[in-house]
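Let me begin by presenting the structure, written as structure tokens, before commenting on it.
Read-outs throughout are calculated quantities, based only on the coordinates presented, and are distinct from any laboratory measurement. Please read these numbers as outputs of a predicted model, since none were measured by experiment. Counting neighbours? That spans all protein chains shown, and the Cβs are built from the backbone with ideal geometry, glycine included.
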Amino acid sequence: MSSEVISSGHSACAGCGEIIGERMVLEALGKDVIVCQATGCMEITTTPYPRTAFKVPWLHVTFENAASAASGIVEADRKLGRNTTVVAIGGDGGMMDIGVRALSGVMERGHDLMLVVTDNEAYMNTGIQRSSGTPKYAATTTTPAGSVVPGKREWKKSISRIAIAHGIPYVATASIGFPEDLVAKVKKAQGIKGPKLLHIYTPCPVGWGYDSSKTVYYAKKIVETGLWPLYEIENGKLTISQRPTFAPLEEYFTGQKRYKHIKPEHIKEVSERVKAGWKELEKQEKAGVDLMLLP
Amino acid sequence: MVKKIAEGSHAVAEVVRLLNPDVLAMYPITPSTHIPERLSDFESDGELDGTIIRVDSEFSAMSALVGASATGVRTYTATSSQGLALMHEVLFVASAMRLPIVITVVNRALSAPLNIFNDWQDSISERDSGWIQMYGEDSQEVADLMVQAYRIAEDKRVLLPVMVCMDGFFLSHTYDVIDVPEDLKGFVPPYKPEHAYLDPKRPQTQGAWAMQEPYFELRKELEEAVGAALPVIKEVHDEFAKVFGRSYGGGAIDVYGEGDTVVVSMGSVCTNLKVLADRLGFQVVRVRCYRPFPAEDVKKALEGKKAVAVFEKDVAYGTGHGALYNDVRACTTGKAVNFIVGLGGLDVPINALEKMCGEIDAMNDGETRWQR
Ligand SMILES: Cc1ncc(C[n+]2csc(CCOP(=O)(O)OP(=O)(O)O)c2C)c(N)n1
Ligand code: SF4
Ligand SMILES: [Mg+2]
């Protein structure tokens, strides 16, 4: 897999959805870009000193500060009289957990930044541990499915809602299973001044325990089931990008080892959440999203 | 140049404005807060060119400065105590990436128990971070160190971040007659990096990870770079003295008085030690540059002396001594004793210092006494 921005020879696993997502985003943005990457699989697989897979300027500092380091980059860039697109990009761990303070800070301060979460629903780089992006019932190495506990106990956190609570001009979800939608959202976001956040679904064959040829299958299937809604929120106006067919959740759960233990009652519970979630989404599509203008 | 009565923090802020950093990150913590407040006044009155980022934490402050410095511009922040501790992880990144960030550390005790007053545990605890550390005796010197710090940090032979340390409250909140330069006379040329920049026209990868061998090599290079900064620090001090007419005895150490007994310390407590040196006939060696540690200069100063006593406001826990003592101990085979003073801002009055100085002769080699 070689491109204008990421050269071949990186060491991401076969079928890695995250590197597909990263490449799609960067290719859509073009070469007038500076990338600030959080620690994680996308950093480790691309930049073993003294080699690099990046053909665009790229900085890695720590796990939890991609957003704040990017805020320094963008302010420095403007001081140098440029108008480069600055992207802070990281995994669900780097952006939704340990880096959430930094992410919140840059959104609140209004820096002209692209914020990208490539979500593979666990800390993959350190060996598949739970994050706040891990879905309920998924087994990870720190939320294993045992005889008593059926994997993760909590629901997945919504980073896009957290972003919207900052009143930022653009938030969108995307999946690498729908590349045209993803690319269109990246390009639209690039044209908007201020902080904009893209939450991208990027399956991981290693962490989820499925055959590496199935990455695109899962990236499409989750959208069809309604479990991963595709939408954008522009200045408080929510637009659904793609209506799900509400395909049975079994078609999504089957074949992933992380859900091997899942029982019909769990699936029923998730399916009720999907229904309720879509009701809410459709309501908001009509009424608009509360931009949280007051505390 | 105009002499005026100014608060230490305000003098620092005025010099920082002249130094014209492009990106400043600000987060309040006592006793460093007056610096960002005054810089904010300048900004609101249109007197500051740089962009202030009012970050969400000191962790983000240092992170934003790493991002800005890696992009290729001059940067600044000030902090104290918990704020510096929160930066810890990023400090090591900044030095190893050879980013010439300059910060003012307004020294304050570390929790627990929470304590806002002055000691040096905050910056001393970062002594192995690969940063250059300079300690000023009074606010004039701190202001002058700010100017020297940017020259040193951005020098092509150095390219390292610098902490300028000043005693919290004793310097930051007291007024003094200070000669704040109105013009830097070209002493600090604009920062134009050739080693680290983020520019789409010349793509560069910064912050790659490394396997054992290159990691080991790069860390060795960092230690060599910190050591190699010492002659530049001295050179910049001497040149500053020529241009601005103010000298501090030397770039690395400041030797004061004569005597067989030597008292080593840093920062504002040295002013009283110098008064006592005149009265009691000992010599003061004030360490200005703590990292790189000027071991050769200290060795020379201690040669043939009867005893050395190190006064310090920090503890190297588990060694029975302070960190400065341990560094000085390695420079002499003669008698060396240690006084731990002023932790958590405990007052160190001149009569207490005088009493301690009177105890040196009766103390055993290697003994540590805690001032109460
Ligand atoms: C402060 C800190 N804590 C923990 C780690 C260890 N660590 C490195 S990457 C990582 C997980 C990354 O997860 P995510 O952000 O989801 O990215 P992924 O690897 O899944 O792409 C962890 C826990 C670290 N580098 N720094
Ligand atoms: S573990 Fe998963 S996210 Fe990491 S490189 Fe492999 S496939 Fe990609
Ligand atoms: Mg992840």
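Among A:Trp228, A:Trp155, B:Trp370, what is the fewest-to-most ranking by other Cβ atoms within 10 Å?
Final ranking by Cβ density, sparse to dense: B:Trp370, A:Trp155, A:Trp228.
Filter A:Lys31/A:Lys152; A:Lys79/A:Lys237; A:Lys157/A:Lys187; A:Lys187/A:Lys263; A:Lys187/A:Lys257; A:Lys188/A:Lys275 down to the pairs with a C-alpha to C-alpha distance above 31 Å, please.
A:Lys31/A:Lys152; A:Lys79/A:Lys237; A:Lys187/A:Lys263; A:Lys187/A:Lys257
Tell me what chain B gives for mean residue ellipticity at 222 nm when only DSSP H runs of n ≥ 4 count, each as -39,500 (n - 2.57), the sum divided by the residue total, rounded to 500 deg cm²/dmol.
-12000 deg cm²/dmol
When a/c reaches 1.5 or more, the comparison of a/b and b/c decides; with that in mind, is chain A rounded, prolate or oblate per its Cα gyration tensor?
Taking the square roots of the gyration eigenvalues as a ≥ b ≥ c, chain A is oblate.
Of all DSSP beta bridges located in the protein assembly as shown, what percent are antiparallel, nearest 5?
Taking every DSSP beta bridge with both residues in the protein assembly as shown, the antiparallel ones total about 25 percent.
Grab the beta carbon distance between A:Lys187 and B:Arg54, set R0 = 35 Å, and tell me the FRET efficiency rounded to 0.05.
Efficiency, rounded to the nearest 0.05: 0.65.
Compute the separation of the alpha-carbon centres of the stretch A:1-73 and the stretch B:299-372 and state it in Å as a whole number.
Here the answer is 51 Å between Cα centres.
Please check: in the Gaussian network model of chain B (C-alpha springs, under 10 Å), which one of B:Phe216, B:Phe169, B:Phe293 has the largest mean-square fluctuation.
It is B:Phe216.
Can you tell me the length gained on complete extension of the stretch B:Lys4 to B:Lys299, counting 0.36 nm per residue apart and subtracting the Cα distance?
102.4 nm
Which whole-Hz ³J(HN,Hα) couplings does the stretch B:92-109 yield from phi under the Karplus relation 6.51 cos²θ - 1.76 cosθ + 1.60, θ = phi - 60°, glycine and proline marked x?
Rounded to whole hertz, the list is 5, 5, 4, 6, 5, 8, 6, 9, x, 6, 10, 10, 9, 9, 8, 4, 8, 4.
In nm, give the distance between the simple-model label positions of B:Asp361 and A:Ser11, each being 7 Å from the Cα along the Cα-to-Cβ direction.
According to this spin-label approximation, the distance is 6.7 nm.
DSSP loop (so not H, G, I, E, B), at most 15 other Cβ within 10 Å: list which GluC sites (Glu not before Pro) in the stretch B:229-267 pass both filters.
Here the sparse-neighbourhood loop sites are B:Glu258.
Give me the lysines in straight-line cross-link reach of B:Lys305: C-alpha distance below 20 Å, same-chain residues under 8 apart excluded.
B:Lys274, B:Lys335
Starting from a Cα-only point model with no solvent, please compute log10 I(q)/I(0) by Debye for chain B at q = 0.07, 0.09, 0.12, 0.13 1/Å.
-0.29, -0.48, -0.87, -1.02
Among DSSP beta bridges lying fully in chain A, give the percent that are antiparallel, nearest 5.
30 percent
Quick one: net charge of A:Lys152's neighbours, Cβ under 11 Å, K/R +1, D/E -1?
+3
Which shape class, rounded, prolate or oblate, goes with the stretch B:1-114 when its Cα gyration tensor gives a ≥ b ≥ c as root eigenvalues, a/c under 1.5 marks rounded, and past that a/b bigger than b/c marks prolate?
It comes out oblate by the Cα gyration axes.
With r defined as the distance between the Cβ atoms of B:Ser111 and B:Thr368 and R0 fixed at 22 Å, what FRET efficiency is calculated, to the nearest 0.05?
0.40
Among A:Thr140, B:Thr33, which comes first, second and so on when ranked by fewest other beta-carbon atoms within 10 Å?
Ordered from fewest to most neighbouring Cβ atoms within 10 Å, A:Thr140, B:Thr33 come out as B:Thr33, A:Thr140.
Roughly how many nanometres apart are two label points built 7 Å out from the Cα toward the Cβ at A:Asp32 and A:Ser158?
Going by the 7 Å Cα→Cβ label model, 3.6 nm.
Specify the residue with the greatest mean-square fluctuation among B:Tyr135, B:Tyr248, B:Tyr150, computed from a Gaussian network of chain B linking alpha-carbon atoms under 10 Å apart.
So, out of B:Tyr135, B:Tyr248, B:Tyr150, the one fluctuating most is B:Tyr248.
Using the alpha-carbon centroid of each, what span in Å lies between the stretch A:167-184 and the stretch A:210-255?
The stretch A:167-184 and the stretch A:210-255 have Cα centres separated by 12 Å.
Taking neighbour Cβ counts within 10 Å as the exposure measure, how do A:Cys36, B:Cys270, B:Cys331 sort from fewest upward?
Fewest-to-most ranking of A:Cys36, B:Cys270, B:Cys331: B:Cys331, B:Cys270, A:Cys36.
Straight-line reach from A:Lys156: which aspartates and glutamates have a Cα under 17 Å away, not including same-chain ones fewer than 8 places off?
A:Asp92, A:Asp97, A:Asp119, A:Glu121, A:Glu269, A:Glu272, A:Glu280
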